[in-house]
Each structure stands twice: as C-alpha cells, then as structure tokens.
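Asker: Have a look at this one.
The values are calculated or read from the model by the stated rules, or taken from the named source; none is laboratory data. Being a predicted model, the structure only gives us computed values, none of them experimental. Backbone-built Cβ (ideal geometry, glycine too); neighbour counts: all protein chains shown.
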Amino acid sequence: MSVINKLTNTNIMKYLTMTSQEINRHTIIKKLINREINGTQAAELLKLTIRHIKRLKSGVKKYGPKALIHGNRGKPSNRRTPEQEKERIISLLHKHYPDFKPGFATEKLSEKHNIIRDPKTIRQIMIKQDLWKPRKKKQKEYRSWRQRKACYGEMEQFDGSYEHWFEDRGPYCCLLASVDDATGIPTKAEFAKDEGVFPVFSFWKEYLKEHGKPYSIYLDKFSTYKMSQKAAQENHDILTQFQRAMNELHIEPISAHSCQAKGRIERLFNTFQDRLIKELRLNNISTIEQANKFLKEVFLPQYKDKYAVEPRSKANLHKPLSLKEKSELDSVFSRQYVRTIRNDFTISFNKQWHQLLKDQPATIYRQDKITVEERSNNTIHLRLRGKYLNYQVLPERPKKLKVPHFIAANTKRPVYIPSANHPWRERIVCPS
C-alpha cells in the first residue's frame, strides 16, 4: 500500500511515493524535531538504534521527507541483466525451449549455454515473451497432511502413467514407476506397452532382484491391482493376480482411496511429463528400449541427486530375497488358474487340451485340482502339491469313448398261468 505525499517548492508541484512504513517514520521524526518526544522514545517506537534515529533526523532537516526514501527507488538496478545477454536468452528460449517451464529452462541455459541466472529472472523474461503464463491459484479441497514414512523401503508408491512420451516420434506407451515414501527417490522406472499384469509383474520381478522386498506398496484401485466388483468386496478371498503374488511374497498391498492419497507418485509423474518428455526430445530418443536405458543411466541418477530428502531413520526395510524365493520368482509372477483333472487325465486351458503323461513326480487322481501357471515367456506349467507335472498338448479335443449298446434283460418275474386241466382248476366238492 502506498500513499502519495505532495510537496510544494516555489510554484512547481512535486510528488513522492512513500510506503506506510516511511510515512510512519516521517511522523515520528517530525515529532522528534518538534521536541514532542526524545531520541530514545523515537528509537523504541521505530525499533531502530539511536544512531540511526540521529541520521534520519539530520536527513529530514536537510532534505525533507525525501531523506526517508531509498535513493535507488525509480532507477534501473545495477544488477539488471545486460541487454545483450537478455537478447541471447530470448533467442535461445524461442529456438530450443519454447515449451519449457522457467525452472527447467534455467537449468538448461546453465547446463548447455553457460548462462547462469535466477529462475525468477528467466520466468519474467518468459512471461514478457508469452512463453509462460502464470497459473491462477485455485481453492483446493481440504485434506490433512500425512507424515512421510520413517525408513527407506517402508512404503513404495507405485503407479503407471499413459502419455505421448515420445511425442510424434514413437509409440503411445505407459511409464511404470515406484517412488520411496520416506526419501522421495524414484527407486525404479521403466516404459512398457501398457499397465497390464505381465508388464507390472516384470517390473516388480526386476525390482525385487535389485532392491529386495519392500514392506508395503501403495497403489490405486486399477483393475490390475484390485477387484472393484461387488462380489469381490463381499468375499475378501477373491484376489487379483497381483494381490495373490504379493501375498505369496508377504508384501502388504495398500489401496489408496484418492489420487491425493498417493500424491508423491502423482507429483513424480507431473515432473516427468514436463521434464522427461523434453529430455527425450533433446537426446533424440524415440524407442522404448533407448528410453529405458536413458532412464536408468542418466535421468534417474540426476533426479535423485536433485530431489531426494533425508529419511528420519537410516534403517533400510527392504528384505533380501532368500534362495528359495529367487528360484520361485517366475512361478510367483505368473498368471495362475485352477483346473480339474478329467476322467481321461486331461485338462482344458486357453482352448487347448493338455494330456497328463503316465510318468509323474506326484500321484494324481481324477478330479484333482491343479494350478496352471501362464508365464511371461508364453509357457504353461501345471503344478500339483508343489510338483510340476509332465504333459503334452493335444492337437484336438479327445474323443469320448464309445460304450457298446446292450439290450437290457427282462428282470420282471414271469406270471405262471396253469393249464385248463390243472388240479387247481378242478372243482372241489366238500362232503355234506
């Protein structure tokens, strides 16, 4: 808030723009000059030293209210960006970084062109050049704050983001990523064709080999991770393939009820959608294989150095895989179904018939329930009581055995009819 004070010198009207603080100082100093208060009282009122009060009093006596105004007000700053450098910045922004945000553009100007300026300076230049529009702050719904987890590996927030990551140079795909809740470090990220069961299984299989088992995973309610049907909500034994795999590994999957609940991974994707897309463009990367290599070797290490925070505890809650768990990873991260052995020792799966062979590592019976594992390499494995069964794929459905038709014998007892002269038919006369 500013107030215009009007001063008259001869017949020329002059105006001074003063802040409310400067007007207050002028009022106190005038009282000091008029001996209404002393220097100690003035210093207490203005919360200044007595020496400073003396300087202000001397200045007001000599120059009037103008002495209370900073001498550089209204003059160009001595630290302003030179016009030649400013023109170079504008040219580079238009040529290489027209869709960059101010912070990211500042980093690239420093990294690639040796122009070191404050992001606020670049922001003002971009606003004047219509390269950036400040966002209006919106009234947000109230949400309570949740403290970060204390330990690294205590909770991993995981999600997938569909985006034109390669713009028009490559396929539309999904970025799968996990971020540690305690440190904010993206522990793993890779591009996949979709957020289906097998891409997610492949992601977590590599994660477990590299880091070990996290204590819990925070997810949304996407169909890969949680069934939303009414039957599944009423019966907690109905699990998705992902939930079943996490239960076998003793990792707790937690479902978020809103996007804001897993805000750390959502903010990570917001940053990636801004920076990673442009980094892929600058490095001329247009395939999923190249992008995954760039992510692992360049982008993620730089991101960790810049945005990671210190956890409250130095403990690492990732649990190493045992030898047995390592050997069973392919089995755990497979689609699993239950089938019943028919009377001819066959089962049907994916419109194909599988004949169980005579020699087996386990005793099998008709009507046994076996587990069918469909693995990511398109192989099928049949498991019964921890043993994998031998089988062969039949070219067609097995034909039913033909049972010979027999004429059923008459089981009814014949009715005996006596002859006409049979004694039973003779008339018996009783003596009188």
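Asker: Select from the range 314-325 the residues that are within 14 Å of MET155 (Cα to Cα) and surrounded by 16 or more Cβ atoms within 10 Å (Cβ to Cβ) and list them in ascending order.
Answerer: LEU317, HIS318, LYS319
Asker: Out of LEU92, LEU45, LEU56, which single residue is in a helix (DSSP H, G or I) and more than 19 Å from GLN21 (Cβ to Cβ)?
Answerer: Working: LEU45 fails: more than 19 Å from GLN21 (Cβ to Cβ); LEU56 fails: more than 19 Å from GLN21 (Cβ to Cβ).
Just a single option satisfies the conditions, and that option is LEU92.
Asker: Considering only the range 220-233, I want to know if a residue exists there that is at pLDDT 85 or above and closer than 14 Å to PHE201 by Cα.
Answerer: no
Asker: Something else about it: Going residue by residue through the range 201-223, is there one that turns out to be surrounded by fewer than 15 Cβ atoms within 10 Å (Cβ to Cβ), under 17 Å from the mean Cα position of the chain (by Cα) and over 21 Å from PHE299 (Cα atoms)?
Answerer: Yes: the range 201-223 contains one or more residues that are surrounded by fewer than 15 Cβ atoms within 10 Å (Cβ to Cβ), under 17 Å from the mean Cα position of the chain (by Cα) and over 21 Å from PHE299 (Cα atoms).
Asker: Give me the residue from the range 389-417 that is β-branched (Val, Ile, Thr) and at pLDDT 70 or above and, out of that set, nearest to THR371 (Cα to Cα). Before you say what the answer is, go through the steps one by one.
Answerer: Within the range 389-417, the first condition is being β-branched (Val, Ile, Thr), and the residues that meet it are 393, 403, 407, 411, 415, 417.
Applying the additional criterion that residues be at pLDDT 70 or above yields 393, 415, 417.
Values: VAL393: 16, VAL415: 59, ILE417: 66 Å.
Per the stated criteria, the residue is VAL393.
Asker: Out of the range 299-340, which residues are in a helix (DSSP H, G or I), over 24 Å from the mean Cα position of the chain (by Cα) and not polar (S, T, N, Q)?
Answerer: Once the filter is applied, which keeps residues that are in a helix (DSSP H, G or I), over 24 Å from the mean Cα position of the chain (by Cα) and not polar (S, T, N, Q), the range 299-340 yields LEU323, LYS324, GLU325, LYS326, ASP330.
Asker: Moving to a separate point now. Scan the range 59-76 and tell me whether some residue there is free of Cβ contacts under 8 Å to residues at least 12 places away in the same chain, in a loop (DSSP other than H, G, I, E, B) and small (Gly, Ala, Ser).
Answerer: Yes, the range 59-76 contains a residue that is free of Cβ contacts under 8 Å to residues at least 12 places away in the same chain, in a loop (DSSP other than H, G, I, E, B) and small (Gly, Ala, Ser).
Asker: Please tell me if ILE265 is assigned to a loop (DSSP other than H, G, I, E, B) and in contact with an Asp or Glu (Cβ under 9 Å, 6 or more places away or on another chain).
Answerer: Spelling it out, it is not the case that ILE265 is assigned to a loop (DSSP other than H, G, I, E, B) and in contact with an Asp or Glu (Cβ under 9 Å, 6 or more places away or on another chain).
Asker: Going through the range 17-43 one residue at a time, which ones are loosely packed, with under 12 Cβ neighbours inside 10 Å and within 53 Å of the chain's Cα centre (by Cα)?
Answerer: Those that are loosely packed, with under 12 Cβ neighbours inside 10 Å and within 53 Å of the chain's Cα centre (by Cα): SER20, GLN21.
Asker: Taking the conditions exactly as written (in contact with a strand residue (DSSP E or B) (Cβ under 6 Å, 6 or more places away or on another chain), closer than 22 Å to PHE272 by Cα and touching a residue at least 12 places away in the same chain (Cβ under 8 Å)), does LEU93 satisfy them or not?
Answerer: Taking the combined requirement at face value, the residue does not satisfy it.
Asker: Restricting attention to the range 326-346, and to residues there that are out of contact with any helix residue (DSSP H, G or I) (no Cβ under 6 Å at 6 or more places or on another chain) and under 30 Å from PHE269 (Cβ atoms), which single residue is surrounded by the most Cβ atoms within 10 Å (Cβ to Cβ)? Even if it seems obvious, please write down each step before you answer.
Answerer: First, pick out the residues of the range 326-346 that are out of contact with any helix residue (DSSP H, G or I) (no Cβ under 6 Å at 6 or more places or on another chain): 326-328, 330-331, 334, 336-346.
Filter once more, keeping what is under 30 Å from PHE269 (Cβ atoms): 330, 334.
Numbers: ASP330: 16, SER334: 24.
Looking at the filtered set, the residue picked out is SER334.
Asker: In the range 96-132, how many are among the β-branched types (Val, Ile, Thr), surrounded by 13 or more Cβ atoms within 10 Å (Cβ to Cβ) and free of Cβ contacts under 8 Å to residues at least 24 places away in the same chain? Talk me through it step by step, then tell me what you get.
Answerer: Of all residues in the range 96-132, those among the β-branched types (Val, Ile, Thr) come to 106, 115-116, 121-122, 125, 127.
This time we only want the ones that are surrounded by 13 or more Cβ atoms within 10 Å (Cβ to Cβ), so: 106, 115, 121-122, 125, 127.
From what is left, the residues that are free of Cβ contacts under 8 Å to residues at least 24 places away in the same chain are 106, 127.
So the answer is 2.
Asker: Based on what the data block shows, is GLU210 assigned to a helix (DSSP H, G or I) and more than 25 Å from ASN284 (Cα to Cα)?
Answerer: yes
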